[in-house]
Amino acid sequence: MNTMETVLQSKKQTAQEYVTKVFQSTEKRNPHENEFLQAVKEIVDSLVPVFAQHPEYMKYGILERLVEPDRVITFRVPWVDDHGNVQVNRGFRVQFNSALGPYKGGLRFHPSVNTSIVKFLGFEQIFKNSLTGQPIGGGKGGSDFDPKGKSDLEIMRFCQSFMTELYRHIGPDVDVPAGDIGVSSREIGYLFGQYKKIRGTFEAGVLTGKGLEYGGSLARTEATGYGTVYFVQEMLKDKGLDFKGSTVVVSGSGNVSIYAMEKATQFGATVVACSDSDGFVYDENGIDLDTVKELKEAGSERINAYVEKHPNAQYIDDCTQIWTIPCDIALPCATQNEIDEATAKTLVANGVKAIGEGANMPSTLAAIDVFLKSDILFAPAKAANAGGVAVSALEMAQNSGKISWSFDEVDAKLHEIMKDIYQNSMQAAADYGTPGNLLAGSNIAGFNKVAGAMMAQGII
Ligand code: GLU
């Protein structure tokens, strides 16, 4: 080894030791927060080459400060159900990092929501939001409230009670929530109404994902799904591949899935399967999106009702089995950890060529390892699903300028943002010694901007 190589080696070793030390103390401080620790592990492992090049980041405790949220707020959400019974849920908002702008990230209403889930989502949001190039920090929130089977008035009363506490923690320049699983434009409407009532001012930019009548942005509904497909398209193009003529499987049937299916179909792919938390449908002629939209967007029906309208399609009542369907492109758009190591191996064995993560953290660390070690293309969540929050930032920009852009204008901006995220992630991967590795590249590109801003703003 020459002197240069020895110096480099020792810098890498110092960086590795630093990362290991910070991860161990994060584990110790947050026992049992498995999802949060998983998200931290995935990021920090990518950052070793960055710390080797930037010892000042270690000196100024960038990572120690990043893994500790600015604040975590939990609160009681009492509401009265349709039978007159008092119900109590727990509300959360984690304000993780505001180096780049006001905290920004969705609200998730799902029984699985706990501190670990909101912290993993909030942590990822820091880097995802940085990748969009928009001036937004990272946050997330939600509740263990289960919207399934609730009446419209129950949803409204719950949202009002949730906002009766949340309002004091948010604001257009402070923290701007939006939707996530279980929270779409209906819930955002009720939340916005209550915020406006309490504050007594019309602050459009306090929430995104609003209805078009009162400050919402065109193309926000489509943004996450479309963005995922735009990103995957860039990745495929680089290898001479295309959506056109390919077979695609998309898990989930919510907002992200529906618009990923729509854009993939517009690009000439055949989407043969989609799912919900009960099971999945397989339609070899291509999923009929109008039916899925009717069931899931207009109503709150289960995906098994699809086969009533399409008797040639099959329904299998185990959603995890969707990944046994052979496909060229797999778009996991349902939820965290839906793809484990065994599932990843099945996908690879069945000849999948590309994975595009539309959901947040849909693959376990072991599954990601399988993808990275095989020959397939892998588009990681923070980059591939950043289109939703990117258009949320465009919604904020329109609100503060008191203007509204056309669908095509917003869609064109979204497309450019997704292309930029792809280019910047590829560039960072190449610059830091892992060419082609979009996981490392997007983590590094997202991190570098946040770290630069944190350095500039001092130890706070
Ligand atoms: N929940 C979405 C996400 O995971 C969107 C957040 C937002 O628009 O603020 O990025």
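Just so you know, all these numbers are worked out from the coordinates, no wet-lab data involved. Just so it is clear, the structure is predicted and the values come from calculations on it, not from any experiment. Methodologically, a virtual Cβ is constructed for each residue, glycine included, from the backbone with ideal geometry; neighbour enumeration extends over all protein chains shown.
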Exposure proxy ranking, count of Cβ atoms within 10 Å, fewest first, for Asp242, Asp375, Asp173, Asp276
Asp375, Asp173, Asp242, Asp276
Rounded to the nearest Å, what's the spacing between the alpha carbon centres of the stretch 168-235 and the stretch 1-67? Just the number, please.
34
The long-range amide H neighbours of Gly139, using H built 1.01 Å from N in the peptide plane and a cut-off of under 5 Å, are Phe96, Lys104, Gly105
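How big is the charge dipole of the stretch 174-291 about its Cα centre, in debye rounded to the nearest 20, if each Lys and Arg gets +1 on its Cβ and each Asp and Glu gets -1 on its Cβ? Please report the intermediate quantities before stating the final value.
Details: 10 positive and 16 negative charges, 110 e Å.
My answer is approximately 540 debye.
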Asp408 and Asp375 label points (each 7 Å along its Cα→Cβ direction) are spaced in nm at 4.2
Using the 10 angstrom Cβ neighbour count as an exposure proxy, how do Cys327, Cys159 rank, fewest first?
Cys327, Cys159
If packing is taken as the average count of other Cβ atoms within 10 Å, what order do 209-220, 310-321, 139-150 fall into, highest mean first?
139-150, 209-220, 310-321
Using 10 Å bins from zero, what percent of all Cα-Cα pairs in the stretch 211-333 falls into each bin?
14, 46, 30, 10, 0
Find the Cα radius of gyration of the chain, compare it with 2.2 N^0.38 Å by division, and give the number to two decimals.
0.95
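Express in nm, to one decimal, how much length is gained between Asp45 and Ser25 on full extension, taking 0.36 nm for each residue of separation and deducting their alpha carbon distance. Walk me through the numbers on the way to the answer.
Working: separation 20, 0.36 × 20 = 7.20 nm, distance 1.49 nm.
Taking Asp45 through Ser25 to full extension adds about 5.7 nm, to one decimal.
Pairs to check: Lys150/Lys309; Lys244/Lys309; Lys148/Lys296; Lys244/Lys293; Lys12/Lys382. Give those whose C-alpha atoms are more than 19 Å from each other in this structure. Walk me through the intermediate numbers first.
Values: Lys150/Lys309 25 Å; Lys244/Lys309 27 Å; Lys148/Lys296 12 Å; Lys244/Lys293 23 Å; Lys12/Lys382 25 Å.
Violating the 19 Å Cα-Cα cut-off are Lys150/Lys309; Lys244/Lys309; Lys244/Lys293; Lys12/Lys382.
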Exposure-ranked with fewest Cβ neighbours within 10 Å first, Thr228, Thr221, Thr132, Thr270 stand as Thr270, Thr221, Thr132, Thr228
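For an R0 of 25 angstrom, estimate the FRET efficiency from the Cβ-Cβ distance between Gln87 and Arg186 and round to the nearest 0.05. Working shown, then result.
Numbers: r = 19 Å, r/R0 = 0.76.
Efficiency computed from Cβ-Cβ geometry: 0.85.
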